[in-house]
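Each remark here refers to the structure printed beneath this line.
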Amino acid sequence: MALEKIISQDRIEIVGDYKHIQVRTKTAVIEDGVELSSAYSRHVVAPDADITGESTEVQAICNAVHTQAVKDAYAAHLASQEV
């Protein structure tokens, strides 16, 4: 009877005009190969976010879609919200 906790990023989505990255993390409890329970959490990575704490897969996606043009457009959008 061995319990195991497995944490995985099971869904990564690119959404919106500013290419926000939604990351869903699944935490599963496994006993002898059978999943007993699971829970999900999400977080969003914006174009201006520090991605050093993200997984290499999320970092690669951010580097691909968070181009300078996207970052500039997002910064302009944020600036327009302050007015």
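All of the numbers you see were taken from the coordinates with simple rules; none came from a lab. As the structure is a prediction and not an experimental result, all values here were calculated from the model. No Cβ is skipped: glycine too gets one built from the backbone with ideal geometry, and neighbour counts run over all protein chains shown.
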Quiz item: Helix 68-82: angle to the longest alpha-carbon principal axis of the chain, degrees 0 to 90, nearest 10?
Solution: 80 degrees
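Within the set of other residues whose C-beta is less than 14 Å from the C-beta of A76, count the net charge using Lys and Arg as +1 and Asp and Glu as -1. Could the numbers behind the result be given before it?
Details: positive: K71; negative: D17, D48, D72, E82.
Counting the neighbours of A76, the net charge comes to -3.
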Quiz item: Simple spin-label model, 7 Å along Cα-to-Cβ: I7 to Y40 in nm?
Solution: 1.9 nm
Quiz item: Just from its helices, what would the mean residue ellipticity at 222 nm be for the chain, if runs of 4 or more DSSP H residues each count -39500 (n - 2.57) and the sum is divided by every residue, rounded to the nearest 500 deg cm²/dmol?
Solution: -9500 deg cm²/dmol
Self-check item: Within-14-Å neighbourhood charge of Y18 [Cβ basis; K, R +1; D, E -1]
Solution: -2
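Given 0.36 nm per residue, what is the gain on full extension from Q22 to A60 after removing their alpha carbon distance, in nm? Walk me through the numbers on the way to the answer.
On the way: separation 38, 0.36 × 38 = 13.68 nm, distance 1.38 nm.
Additional length available on full extension: 12.3 nm.
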Quiz prompt | Residues of type lysines that K5 reaches as a straight line, Cα spacing below 26 Å, ignoring anything fewer than 8 places off in the same chain | solution = K26
Quiz item: Near E35, within a Cβ-to-Cβ distance under 13 Å, what is the net charge of the other residues, with Lys and Arg +1 and Asp and Glu -1?
Solution: -2
Quiz item: Tell me which aspartates and glutamates have Cα within less than 15 Å of K71's Cα, excluding those fewer than 8 residues away on the same chain?
Solution: D17, D48, D50
